[in-house]
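Data block below; observations after.
FYI, it's all coordinate maths here, none of it is from the lab. Just so you know, these numbers come straight off a predicted model, no measurement behind them. Glycine also receives a Cβ, built like all others from the backbone with ideal geometry; neighbour counts cover every protein chain displayed.
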Amino acid sequence: MANIIGVNEQKYSFPATKTFSHSSIRFDWVVILLGLWMIGGLHLDAWAHHEFEVETFFTPWHGILYSGYLALAAVLLGAFARNRLRGATWRQAMPVGYGLSLVGVAIFMAGGVGDMLWHMLFGIEVNIEALLSPTHLLLAFGGALMVTGPLRSIWARPIDISQSWIGFMPAILSLALLLAELSFFTAYAHPLSDTIVAMGHRPSTDAQVFNLQVLGISAILLQSIIMMGVILLAVRRWRLPFGGITLIITIAYGLTVSIHENFFLIPFEILAGLAAEVLYWWLKPSLKRPISFRWFAFGVPVVFYALYFLTLALTGGVWWTVHLWAGAILLAGVAGWLLSYAFVPPQIAAVKGAE
């Protein structure tokens, strides 16, 4: 029987010369749930920094973040130790896809110790500083490696093995956590983090108008690329079950808006996810259907930001002109379209006479 350590008795052959063990579904789920604990703690800590004057490293919110890390690290290290005792080599002691997660444990630990020392030497970061602090970026890198273990593990399995909803869900949630973390550390340029296009954020001077317009358009382009990078990665590899894209968008951006308590955006996120599901069902994008793949990459950000502006218009208004927001929506789609060529490049015709 599969156990929580994450190794099944059944093994699959890969082109490499060695045979690696796969994680169990239970192990994938344990890693994902503990990853939610850790990444949720990260967003809770950010919320606390916005709500209170935090002047020490030792806070309840840091406690939630780091306790989630310790729990996840214990599971990963436990899997490594137990499989070593069973005779596995150092390189084979972790299930397929989880080797980098173990590396992430070490990187996160180094970042945590460094963060405490950084705070003691230079004080607590404020505003954008917290997103660009070297020790915080180290934590981000380590955390991303840890929570994407299930994604890498399921990616490496034969497609027919990873198509059941229960078995495939950890990959979906892993992508959601990855998108949430990428959104978190680019919050300085995120339309959902600070709704600067809403009427309540209208600036008073021409210089401020120009600066916020530039920031707003740049944020939409950046986040369109990040969102579609995560979604297209999954679309290129699998035929996603219904609800998968909605979960990725809703969980990731639900955490994003929770930091500033912009909870009125959550219904929009769910609706945008469902609209993406419709596009996915209609276009059926895949490697074998590159034109559909590109239209899907174009259509999802267009629908997403069209619904975003509509939501803001219905909940207080938008101070941007129609020329600006309509163009921003179109450019979001163009960004997704161009990104699709990185995932499904066009065929290169063979050169005549080439060997």
Problem - In Hz, Karplus ³J(HN,Hα) per residue of region 73-90 (6.51, -1.76, 1.60; θ = phi - 60°; x = Gly, Pro) - result: 4, 5, 5, 5, 5, x, 5, 4, 5, 5, 5, 5, 5, 7, x, 6, 6, 4
Practice task
Answer rounded, prolate or oblate for region 195-346, using the Cα gyration tensor with square roots of eigenvalues a ≥ b ≥ c: rounded when a/c is under 1.5, else prolate when a/b is larger than b/c, else oblate.
Solution key: prolate
Completion exercise
Diffing region 200-205: the Karplus 3J(HN,Hα) column from phi (6.51, -1.76, 1.60, θ = phi - 60°), in whole Hz with x for Gly and Pro, holds x, 9, 4, x, 9, 10
Handout entry: Length-normalised contact order of region 81-214 in % [C-alpha pairs under 8 Å, at least 6 apart]
Key = 24
Problem - Net charge over other residues, Cβ less than 14 angstrom from the Cβ of residue 134 (K, R count +1; D, E count -1) - result: -3
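Semi-axes, largest first, in whole Å: what does sqrt of 5 times each Cα gyration tensor eigenvalue give for region 175-252?
Taking √(5λ) for each Cα gyration eigenvalue gives 30, 11, 10 Å.
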Practice task
Compute the relative contact order of the chain as a whole-number percentage, counting only Cα pairs closer than 8 Å that sit 6 or more residues apart in sequence.
Solution key: 14
Practice task
Would you mind telling me which residue in 338, 44, 139 has the biggest mean-square fluctuation in a Gaussian network model of the chain, where springs connect alpha carbons within a distance under 10 angstrom?
Solution key: 338
Handout entry: Neighbour-count order for 185, 108, fewest beta carbons within 10 angstrom listed first
Key = 185, 108
Fill in the blank from the handout: Where a ≥ b ≥ c are root eigenvalues of the Cα gyration tensor, a/c under 1.5 meaning rounded, otherwise prolate if a/b exceeds b/c and oblate otherwise, region 90-234 counts as oblate
Handout entry: Built amide H within the under 5 Å cut-off of residue 286, gap 5+
Key = 293
Problem - Helical mean residue ellipticity (222 nm; -39500 (n - 2.57) per DSSP H run of 4+; nearest 500) of the chain - result: -22500 deg cm²/dmol
Exercise for the section: Taking only Cα atoms and a 10 Å spring cutoff, compute GNM fluctuations for the chain and point out the largest among 306, 207, 275. Expected result: 207
Problem - At R0 = 25 Å, FRET efficiency that the Cβ-Cβ distance of residue 326 and residue 263 yields, to 0.05 - result: 0.40
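May I ask for the Kirkwood hydrodynamic radius of region 121-196, worked out over all distinct Cα pairs and given in angstroms to one decimal?
14.4 Å is the Kirkwood radius here.
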Handout entry: Separation of alpha-carbon centers, region 138-217 and region 250-302, rounded to whole Å
Key = 12
Handout entry: Candidates 37, 281, 29: whichever shows maximal mean-square fluctuation once the chain is modelled as a Gaussian network with Cα springs under 10 Å
Key = 281
Practice task
Send over the semi-axes of the chain's equivalent ellipsoid, whole angstrom and largest first, taken as the square roots of 5 times the C-alpha gyration tensor eigenvalues.
Solution key: 35, 29, 17
Practice task
Classify region 55-122 as rounded, prolate or oblate, taking a ≥ b ≥ c as the square roots of the eigenvalues of its Cα gyration tensor: rounded when a/c is under 1.5, otherwise prolate if a/b is larger than b/c and oblate if not.
Solution key: prolate
Completion exercise
In nanometres, the difference between 0.36 nm per residue of separation and the alpha-carbon distance of residue 117 and residue 86 is 7.3 nm
Completion exercise
For region 103-148, the Cα gyration tensor yields equivalent-ellipsoid semi-axes (√(5λ), largest first, whole Å) of 20, 12, 5
Fill in the blank from the handout: Of all C-alpha pairs within region 243-302, those more than 19 angstrom apart amount in percent to 35
